[in-house]
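The values are calculated or read from the model by the stated rules, or taken from the named source; none is laboratory data. Predicted, not measured: the structure shown is a model, and the values here were computed from it. Note that we place each Cβ from the backbone using ideal geometry, even for glycine, and neighbour counts take in every protein chain shown. Accessible surface areas use protein heavy atoms only, side chains included; no ligands, DNA or RNA. Shrake-Rupley method; radii C 1.70, N 1.55, O 1.52, S 1.80 Å.
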Amino acid sequence: MNTLTLERTRNAVEWKTLCQRTDLVADSGVVAWLDGAQVALFHLPLSGGEQVFAIDNRDPKSGANVIGRGIVGTLKGELVIASPLYKQHFRLADGVCIEYPEQRLRVWPVRLNGDRVEVGLG
Amino acid sequence: MNSYSATSDTLQTLVVIGNGMVGHHCVEQLVERGALAHYQIHVFSEEPQRAYDRVHLSEYFSGRDAQALALGDIALYQTPGVTLHLGRAVLEIDRARREVVSDAGRLAYDKLVLATGSFPFVPPIEGAEGDSRLVYRTLGDLDRIRDAAKNARRGVVVGGGLLGLEAANALKSLGLEAHVVEFAPRLMPVQLDEQGGQALKDRIEALGVSVHLSRGTQSISAGSEYRYRMNFAGEDFLETDLIVFSAGIRPQDALARQSGLELGPRGGVAIDSQCVSSDPHIYAIGECAAWNGGIFGLVAPGYQMARAVATQLCGEDSEPFMGADMSTKLKLLGVDVGSIGDAHGATPGARSYRFIDESSASYRRLVVSADGKRALGAVLVGDNSYYDTLLQYVSNGIDLPADPAGLILPLGEAAPALGVDALPATATVCSCHNVSKGAICSAIDGGCSELSELKACTRAATGCGGCAALLKQVFEHELSARGVTVDKSLCEHFAHTRQELYAIVRVERIESFDALLARHGKGHVGCDICKPAVGSILASCWNQPIMDPALVPLQDTNDTFMANMQKNGTYSIIPRIAGGEITPDKLIALGAVAKKYELYTKITGGQRIDLFGAQLHQLPQIWSELVDAGFETGHGYGKSLRTVKSCVGSTWCRYGVQDSVGMALVLENRYKGVRAPHKFKLAVSGCTRECAEAQSKDIGVIATDKGWNLYVAGNGGMRPRHAELFATDLDDATLIRYIDRFLMFYIRTADRLQRTSVWRESLEGGLDYLKAVIIDDSLGLAAELEAQMQLLIDRYQCEWANALQDPEKLKRFRTFVNDAGGDPAIRFVEERGQRRPARAGELHLIPVAEELN
């Protein structure tokens, strides 16, 4: 059973709770539902500051929902996720594929609010 | 009418007749250069197979099948706009109506390319028919030779040229006693001079092939000892069971004759330097074309012509065809033979340097100009390591050194090899694909930083492959000239090779990725190259459970979830079935689990059972049932031991001499879970009949009546390699000791994702070196290697059993963290009584392109 919390922010972004912080796996990904969309959540508890990214779970090349099971890394300094099937890389910041720039994954803003992992809509 | 069909109406039709190496290259070049924007291409092939590598035809008998010989990617002929008509001969060209006629009807063309190649010339000899009139050109010919060889003891090749010697090699590999009959007084009369021919003859005869020179076959009659008798001039004769003619080629110009195209003086479609025939709509390329009256019977000039035509048809500036370098470098029956430029010293005033070594039957000749400044040609027999340098001197007109003889003398300590920096930018490195040193340099400047990338981008060394060594030298030299020490870095985070990282991990006793990255790497994240590589090194050194939280993010999804991800995101499960031995109860248990979870079930090549179609969240339930039934993980997902295949051996088989299943179980249980640079496989055969196919494995063990023979570094798959005999008649303890050492030495020194076969080929010193290290302990490492292996074995545990006991670890096996269900997008359909992933067309869904904001 998951709890959905709605909250208004200054920027009128609607934040929706997807899961708890304890559901995340350090330096790796998990997948959560968001209104019928599959969102891959990557947790990077880096020394420079903790970060969480939310990106579409569907790999456009295979059509399979597997992005959340890829390996997180950096390429030329940018954080990327490598698809586990054909190994193409997507930038976590904006979802653009490094090898095939026409493939772009949807990304969502994410924040940790206490123990809640929240994704911004709108 | 929309604009798309308007465009397609304006497409012209281009017909290519012939799908040999040259015709194929032409299509490849056309598609690459964008010809499909202007033409729809129809390719007709008389042969039932698509283009294959005729240069390496004799490998058809040593294990390469038609599929492995096929050229390029089949996808080329599946490109929309390209149609390949296999097994369909063009019968006629109607030039007036511009149509080609085949038994499928007429097809109009705008442009036509003839690439019909050549056919073998068989001299008219009385009595030559059936098995006494075989030829050697197509796969069909080879099948006929193989059939004829079935009940034969001896085979003769008529013709001692390049193809004839290849054919003799083919007969030899079919197990026949091979003879070569040549009309001229020496072998390879076109390429070699007298001494060169003699040296080649000596070497070939030493290999058991008999050579008969200055013999013209007058007639063929029935033999007394063998099937046929070849009668030469005088009383001379030779008996044989089959005869292969390889006495030269003739251009296949029948269509040109039929349609009235102009021919060369000795046949062939006459072409100008644009490869255009006497009909401006028709081109001819390769061995069917006659340029300046001459036919070019090598693949490189054919490729040159193919490129000239492709560039013209695409509206690019094309380089005219102005003749070709007929230099060749070959390995005939395992003997190096090279011929460069004016090999016979026919240029007026030419002088020669010769080196003759009668003890090893080696011969080298260098032909220089009258003034001694330029190299004109060369002949090499026995050692082609001189070829690249000599070819560069000849083809690029490089000034000879003061003492040119040094170029062909045995390489002493101060080898006078021509440094690759001496090559001008115009020097051709790869003549098959016409790649110059300049083109290689600009590819490197354009960012090619790996040899494989360079090959893919320039295509250099992807034709005959003869320039591979030179290409590597140029590549490494150019990189270091750019201040890059040849970059063997694992990735952008570690400026170390895998071997170096392994040593660092071991010496500094590093047990985590973060520690290694902090001390020796860059950044603080890593990537999908270094993380799994380091994960594997850590496992190879310390063998900690891969599900430990610090190790989990390092692994590929397969290692993370201890199953193999398939194309639709589901996993397959392979429990260990050591040695392929399984009790009926366990087999039933496997079946029950598969049935309960509706898993697609297939037997693997490694004598195991693969269960497909499990979703992430189902894996723990499935495995808890499997573990309860007594199964362990099979590491089908890991870069680790897969299986030890075995035959039933002496326990059941009347031929078996040792208990191969027993030994397979010992080995599989010993090495299971050992992580290595890549996966590795073993097999144990109970006798020399080799039913377990041990010689195609990384480690193969074959029983003898005195013990075990050990083979190493074999491989199946894409690049098959026979394992090499490493040690013979070993007792059980010695066998295991050698395998321990071999595996650990491989784990220590191989590159990332390098199988034992490639690793072994990259070892300087080759098999002898490996034997010295493993058997004679030349590096004093043996005890250490054995101790390290023992540590890995002692720390083994079944990863699945381990994970199932830890709720924290099981938390990862959720398809969704906010829902207990599975992924509804995974759909199956039934086929042959089992489930398989539904294809896009079977879903009746229209993919929705989501708009991104």
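When residue B:421 is tested against (1) open to solvent by less than 40 Å² (accessible area, probe 1.4 Å); (2) of a type outside the set (Val, Ile, Thr); (3) part of a helix (DSSP H, G or I), only condition (1) is not met. Screening residue B:562 with (1) within 30 Å of residue B:838 (Cβ to Cβ); (2) within 11 Å of chain A (Cβ to nearest Cβ) gives one miss only, at (2). Counting only residues that are of a type in the set (A, V, I, L, M, F, W, C), open to solvent by 20 Å² or more (accessible area, probe 1.4 Å) and more than 7 Å from chain B (Cβ to nearest Cβ), the range A:27-38 holds 1 of them. Of the residues that make up the range B:565-573, is at least one away from every other protein chain (no Cβ under 11 Å) and in contact (Cβ under 8 Å) with a residue 12 or more places away in the chain? Within the range B:565-573 (the criterion being away from every other protein chain (no Cβ under 11 Å) and in contact (Cβ under 8 Å) with a residue 12 or more places away in the chain), the answer is yes, since at least one residue qualifies. Could you check the range B:93-125 and list, in sequence order, the residues that are of a type in the set (Phe, Trp, Tyr) and farther than 18 Å from residue B:275 by Cα? Within the range B:93-125, B:119, B:121 meet the criteria.
When residue B:536 is tested against (1) within 12 Å of chain A (Cβ to nearest Cβ); (2) out of contact with any Leu (no Cβ under 7 Å at 6 or more places or on another chain); (3) not aliphatic (A, V, I, L, M), only condition (1) is not met. Residue pairs whose Cβ atoms lie under 9 Å apart, separated by 6 or more positions or on different chains, with the first residue in the range B:804-821 and hydroxyl-bearing (Ser, Thr, Tyr) and the second assigned to a loop (DSSP other than H, G, I, E, B), are B:815/B:615; B:815/B:821; B:815/B:822; B:815/B:823.
Here is a yes/no grid of residues against (1) more than 31 Å from the chain's Cα centre (by Cα); (2) aliphatic (A, V, I, L, M); (3) not in a strand (DSSP E or B):
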{"position": "B:469", "(1), (2), (3)": "no, yes, yes"}
{"position": "B:477", "(1), (2), (3)": "no, no, yes"}
{"position": "B:499", "(1), (2), (3)": "no, no, yes"}
{"position": "B:532", "(1), (2), (3)": "no, no, yes"}
{"position": "B:535", "(1), (2), (3)": "no, no, yes"}
{"position": "B:548", "(1), (2), (3)": "yes, no, yes"}
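Of all the residues in the range B:157-189, those that are in a strand (DSSP E or B) and within 20 Å of residue B:138 (Cβ to Cβ) number 2.
The set of residues from the range B:484-497 being in a loop (DSSP other than H, G, I, E, B) and open to solvent by less than 70 Å² (accessible area, probe 1.4 Å) comprises B:484, B:486, B:489, B:490, B:493, B:495, B:496, B:497. Can you find a residue in the range A:75-97 that is hydroxyl-bearing (Ser, Thr, Tyr), modelled with pLDDT of 90 or more and under 25 Å from residue B:549 (Cβ atoms)? Yes; the residues of the range A:75-97 include at least one that is hydroxyl-bearing (Ser, Thr, Tyr), modelled with pLDDT of 90 or more and under 25 Å from residue B:549 (Cβ atoms).
Within the range B:508-530, being within 11 Å of chain A (Cβ to nearest Cβ), part of a loop (DSSP other than H, G, I, E, B) and either open to solvent by 30 Å² or more (accessible area, probe 1.4 Å) or among the aromatic types (Phe, Trp, Tyr) (or both) holds for B:522, B:523, B:524, B:529.
With within 14 Å of chain A (Cβ to nearest Cβ), at pLDDT 90 or above and either open to solvent by 70 Å² or more (accessible area, probe 1.4 Å) or within 33 Å of the chain's Cα centre (by Cα) (or both) as the only criterion, which of B:832, B:814, B:836 stands out?
Among B:832, B:814, B:836, only B:814 is within 14 Å of chain A (Cβ to nearest Cβ), at pLDDT 90 or above and either open to solvent by 70 Å² or more (accessible area, probe 1.4 Å) or within 33 Å of the chain's Cα centre (by Cα) (or both).
The selection criterion, being in a helix (DSSP H, G or I) and open to solvent by less than 20 Å² (accessible area, probe 1.4 Å), does not hold for residue B:611.
With respect to residue A:100, is the statement that it is open to solvent by 50 Å² or more (accessible area, probe 1.4 Å) and under 19 Å from residue B:555 (Cβ atoms) true?
When the stated conditions are applied, residue A:100 does not pass them.
Does residue B:729 satisfy being touching a Ser or Thr at 6+ places or on another chain (Cβ under 7 Å), open to solvent by 30 Å² or more (accessible area, probe 1.4 Å) and either over 30 Å from residue B:555 (Cβ atoms) or aliphatic (A, V, I, L, M) (or both)? Spell out the reasoning first.
On the way: touching a Ser or Thr at 6+ places or on another chain (Cβ under 7 Å): yes; open to solvent by 30 Å² or more (accessible area, probe 1.4 Å): yes; either over 30 Å from residue B:555 (Cβ atoms) or aliphatic (A, V, I, L, M) (or both): yes.
It is true that residue B:729 is touching a Ser or Thr at 6+ places or on another chain (Cβ under 7 Å), open to solvent by 30 Å² or more (accessible area, probe 1.4 Å) and either over 30 Å from residue B:555 (Cβ atoms) or aliphatic (A, V, I, L, M) (or both).
Within the range B:682-730, the set of residues being under 20 Å from the mean Cα position of the chain (by Cα) and of a type in the set (Lys, Arg) comprises B:697, B:719, B:721. When the strands (runs of 3 or more DSSP E) confined to the range B:294-399 are screened for residues that are closer than 22 Å to residue B:163 by Cα, open to solvent by less than 30 Å² (accessible area, probe 1.4 Å) and not assigned by TED's automatic domain parsing to the domain that holds residue B:265, those reaching at least 1 such residues are found at B:328-332, B:335-341, B:362-368, B:375-381.
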